[in-house]
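Heads up, the thing below is written out as C-alpha cells.
The values are calculated or read from the model by the stated rules, or taken from the named source; none is laboratory data. As the structure is a prediction and not an experimental result, all values here were calculated from the model. Heads up, the Cβs are rebuilt from the backbone with ideal geometry, glycines too, and the neighbour counts pull from every protein chain shown.
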Amino acid sequence: MEGLKVIGAGTATIALAGAAVGIGKIDSSLIHSLARSPELDTSLFGYAILGFALTEAIALFALMMAFLISFVFRSSKVKFLPALVK
C-alpha cells in the first residue's frame, strides 16, 4: 500500500511540468505581442500576470495534492483491531 501512495504522489507532480510549459508559453506570447505593438505594454502585462497567477495556482494545487497523498493519507491498516477482536 505504501508503494501505491508513492506512485500516486509522483503522478500528481506531473502537473508541475504542465505548469512550467504554460508559463513558458505565456512569457513567449508576451514577448511576441510586445514586439508587434509596444504601445500596449501595460494592458498586455496585466493579462500576462493574470495568466501567470492562474497557471501557478494549478501548479500549487498539484503540489498540495502530492503532499496530501504523501503525508496525510495513512495506510488502511488499523493497528488496534486485533485488540478488539480478542
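Just a few scattered comments:
- Test: SER76 is exposed (fewer than 12 other Cβ atoms within 10 Å of the Cβ) and at pLDDT 85 or above: no
- Residue pairs meeting the criteria (Cβ under 8 Å; at least 6 apart or on separate chains; first closer than 12 Å to PHE45 by Cα, in the range 11-35; second of a type in the set (Gly, Ala, Ser) and buried (at least 16 other Cβ atoms within 10 Å of the Cβ)): ILE26/ALA48; ILE26/GLY51; ASP27/ALA48; SER29/ALA48; LEU30/ALA48
- Some residue of the range 7-20 being among the hydrophobic types (A, V, I, L, M, F, W, C), loosely packed, with under 12 Cβ neighbours inside 10 Å and farther than 30 Å from PHE73 by Cβ: no
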